[in-house]
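Quick notes on the structure that follows.
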Amino acid sequence: MKKKSFAIWIAVIWVVLSLLAVGGVTYAWFTFRPDTNVEPMSSTISDGEVALLISPSLDTDFLTSCALPNYSSGSLEPVSTANLESFYSANLQTRQGISVGFRECQEEDLNTYAIRGRVYLKSLKDGCQVYFNRAGMGFGDDPQMLAALRLGLKITSSEGEQTFIFHLNDMGDVSSAVSMQTTAQEHVVVGSLAENGNPNYVNDPAIGLSDYFAVVGAQRLPQAGRASLCIIDANEIVSVEYWLYLEGCDEQCINAVQEKEAFIQLSFAGVTK
């Protein structure tokens with residue numbers, strides 16, 4: 001019998017979205033056209049009583065897996081953000097491929113420029129700490145795509161609202177990814193715009209995923225990692241809004257990332273508090 005302190009449960013979210021490039025452009029900011037069909041894949045949970053459940057809607061049952069809702073349509077284009085609130089796209093570049101002018105994306109723009117959606121997590125009985133389950137995470141294996149993509153999460157719980165922006169370098173070997181400077185400064189994203197459209201840059205806030213992975217313990221069950229995404233109280237429902245997007249200011253977000261394929265698989269592990 002497992003001790004209560006090591007009772008651990010997993011909720012897994014799976015979805016595959018193929019990102020297929022069409023056409024080409026001269027410089028670093030280009031257009032993708034994704035297939036937005038959402039296909040749920042098989043998922044599993046760890047042995048034992050389920051404590052962490054998931055749902056794509058507050059109006060549907062909470063289960064151990066679900067398809068990721070996708071609010072986007074049309075073409076996927078590079079955007080830049082520091083906070084998942086304001087997104088910017090380049091509209092002026094030099095011949096050298098340096099973006100010097102930007103415009104703020106409107107809501108309807110963002111629905112075509114990024115893969116985005118929302119799911120809900122619920123903890124039954126005991127509350128839990130929530131981590132990523134590394135074994136169930138996936139975004140494809142192309143180094144250029146992994147280096148250029150960002151995963152954004154906005155988690156709203158009784159603790160308040162937390163925003164995370166992750167780079168995906170921890171999901172594969174990105175050493176072969178091709179780099180090219182596309183902004184006047186390095187390792188920055190667009191934080192705001194001046195009245196003339198000139199960007200005000202801030203340091204790239206993206207962090208690695210690995211600190212937020214649950215640790216695989218005895219009997220291959222996850223245990224607490226270095227940092228949790230959030231803490232869920234018993235019977236609490238937590239909102240998890242997500243974005244998958246190309247960070248246009250990233251040095252690897254260049255023409256070399258076109259004609260690649262990627263998908264998104266998210267997996268969460270709940271570890272008893």
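The values are calculated or read from the model by the stated rules, or taken from the named source; none is laboratory data. Keep in mind it's a predicted model, so treat the numbers as computed, not measured. We place every Cβ from the backbone using ideal geometry, glycine too, and count neighbours over all the protein chains shown. These area figures cover heavy atoms from the full protein model, side chains too; ligands, DNA and RNA do not enter into them. Shrake-Rupley method; radii C 1.70, N 1.55, O 1.52, S 1.80 Å.
Show me the ranking of peptides 187-196, 81-90 by mean Cβ neighbours inside 10 Å, starting with the highest. Please report the intermediate quantities before stating the final value.
Working: 187-196: 14.6, 81-90: 19.9.
Result, highest mean first: 81-90, 187-196.
With a 1.4 Å probe and every protein chain kept in, tell me what percent of the accessible surface of segment 153-273 is carbon plus sulfur. Numbers along the way, then the final one.
Working: 2370 of 5370 Å².
The value for segment 153-273 is 44 percent carbon and sulfur by accessible area.
Check cross-link reach from Lys260 to the aspartates and glutamates: straight Cα distance under 18 Å, and skip same-chain residues fewer than eight apart.
Those aspartates and glutamates meeting the cut-off are Asp35, Glu77, Asp141, Asp142, Asp173, Glu247, Asp250, Glu251.
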